[in-house]
1. I'd like the full set of residues that are surrounded by 13 or more Cβ atoms within 10 Å (Cβ to Cβ) and assigned to a loop (DSSP other than H, G, I, E, B), limited to the range 25-38.
2. So how many residues does the range 44-60 have that are at pLDDT 75 or above and surrounded by 10 or more Cβ atoms within 10 Å (Cβ to Cβ)?
3. Is it true that I41 is β-branched (V, I, T), within 15 Å of the chain's Cα centre (by Cα) and either surrounded by 10 or more Cβ atoms within 10 Å (Cβ to Cβ) or at pLDDT below 90 (or both)?
4. Out of the residues in the range 76-117 that are touching a strand residue (DSSP E or B) at 6+ places or on another chain (Cβ under 8 Å) and modelled with pLDDT under 75, which is nearest to V19 (Cα to Cα)?
5. Can you run down the residue pairs with Cβ atoms below 9 Å, 6 or more apart or on separate chains, where the first is in the range 5-24 and part of a loop (DSSP other than H, G, I, E, B) and the partner is modelled with pLDDT under 90 and of a type in the set (V, I, T)?
Amino acid sequence: MASLRRLHWIAGQSCQVKVVVHNNTTRLLKRFTISLHRSIIIFPKASSTNSDLNLGTRQPEVAAKQVAECVLEAGQSRSRGHASAKGWWLGVSPRRNSEFEHSLLIPVSALFRKNFLD
């Protein structure tokens, strides 16, 4: 499960994502992919005539696009003689739960409408 702290984010910001993983398998979870999608719903413009005011027959347009993605690879656990592990995320062990936060950088290009509809 992944959730965002806020509903609105601005292009160029770092979007904080809270992740909760329940690994009910017998294998170590080594890779985790987070992607952020933006969708726009465009409602049809109603004309001034009474027959066109019924929007039930006209469907809105929906456009969706992935704007950011991040792949977390499990690092190696610490070895003898080293103070810390390589990589900050060590995966999720079998039959374990994990909760962490990660951030995705929302690209500035996500701000422009022409890039969104491409």
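1. L28, K30 - these are the residues of the range 25-38 that are surrounded by 13 or more Cβ atoms within 10 Å (Cβ to Cβ) and assigned to a loop (DSSP other than H, G, I, E, B).
2. Qualifying residue count for the region: 2.
3. Working: β-branched (V, I, T): yes; within 15 Å of the chain's Cα centre (by Cα): no; either surrounded by 10 or more Cβ atoms within 10 Å (Cβ to Cβ) or at pLDDT below 90 (or both): yes.
When the stated conditions are applied, I41 does not pass them.
4. The selected residue is G87.
5. Sorted first by the residue in the range 5-24, then by its partner, the pairs are W9/I106; I10/I106; A11/V67; A11/I106; A11/V108; G12/I106; G12/V108; Q13/I106.
The values are calculated or read from the model by the stated rules, or taken from the named source; none is laboratory data. Please read all numbers here as calculations on a predicted model, not as lab measurements. Note that each Cβ is placed from the backbone with ideal geometry, even for glycine, and that neighbours are counted across all protein chains shown.
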